[in-house]
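S.K.: So that we are looking at the same thing, I have put the structure below in structure tokens.
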Amino acid sequence: MTKPLALFARARSFGFAFRGVWLTLRSQPNAWIHAVATIGVVVAGVAVGLSCAEWCLVVLASAAVWTAEALNTALEFLADAVSRETHPLIGQAKDVAAGAVLITAGGALAVGALVFLPHFTTK
């Protein structure tokens, strides 16, 4: 049997999530790069008048980058909690997680190019 929805508990979970986003921004310099890029993309999207479908692509690409950065941050925190000493497997895990952010950012850049370039070449 499931428990009824506890509104206070749900509100608290959102608080934890927002704290996690703030912790990512506060602790990761690359997150500020993502923030500036996200703001730039939103401003550019408004300026060129993106269609609904184009906004969907841009939002999904941006969300993917933010998600990858947050998961990378979580993995780094967890790895540091396990061992503060240098360990080759922990280093490899951190490198792979950072690589995932790079891959995601590259995909987002490709999406951005596909969405925005036609707006600048046809006008």
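S.K.: Residue pairs, Cβ under 8 Å, 6 or more apart or interchain, first in the range 41-58 and without any contact (Cβ under 8 Å) to a residue 40 or more places away in the chain, second among the β-branched types (Val, Ile, Thr) and assigned to a loop (DSSP other than H, G, I, E, B). List them.
M.R.: Filtered contacts from the range 41-58: no entries.
S.K.: Mind checking which residues of the range 104-123 are more than 20 Å from LEU50 (Cα to Cα), in contact (Cβ under 8 Å) with a residue 24 or more places away in the chain and not hydroxyl-bearing (Ser, Thr, Tyr)?
M.R.: Within the range 104-123, the subset more than 20 Å from LEU50 (Cα to Cα) is 104-106.
Keeping just the survivors that are in contact (Cβ under 8 Å) with a residue 24 or more places away in the chain gives 104-105.
Within the range 104-123, just ALA105 meets the criteria.
S.K.: Also, I was wondering about something else. Could you please find all residues in the range 70-110 being touching an Asp or Glu at 6+ places or on another chain (Cβ under 8 Å) and of a type in the set (D, E, K, R)?
M.R.: The one that is touching an Asp or Glu at 6+ places or on another chain (Cβ under 8 Å) and of a type in the set (D, E, K, R): LYS94.
S.K.: If only one of ALA44, ALA74, ALA63, ALA108 is surrounded by 11 or more Cβ atoms within 10 Å (Cβ to Cβ), in contact with a helix residue (DSSP H, G or I) (Cβ under 6 Å, 6 or more places away or on another chain) and either part of a helix (DSSP H, G or I) or modelled with pLDDT under 95 (or both), which one is it? So that I can check it myself, show each step before the final result.
M.R.: Working: ALA44 fails: in contact with a helix residue (DSSP H, G or I) (Cβ under 6 Å, 6 or more places away or on another chain); ALA74 fails: in contact with a helix residue (DSSP H, G or I) (Cβ under 6 Å, 6 or more places away or on another chain); ALA63 fails: in contact with a helix residue (DSSP H, G or I) (Cβ under 6 Å, 6 or more places away or on another chain).
Just a single option satisfies the conditions, and that option is ALA108.
S.K.: So GLU76 passes all but one of these: (1) closer than 21 Å to ALA37 by Cβ; (2) free of Cβ contacts under 8 Å to residues at least 12 places away in the same chain; (3) among the acidic types (Asp, Glu). Which condition number does it fail?
M.R.: (2)
S.K.: Just for the range 14-36: of the residues that are polar (S, T, N, Q) and part of a helix (DSSP H, G or I), which one is farthest from THR67 (Cα to Cα)?
M.R.: SER27
The values are calculated or read from the model by the stated rules, or taken from the named source; none is laboratory data. No experiment lies behind these values; they were computed from the predicted model shown. FYI the Cβ positions are ideal-geometry reconstructions off the backbone, even for glycines, and counts take in every protein chain you see.
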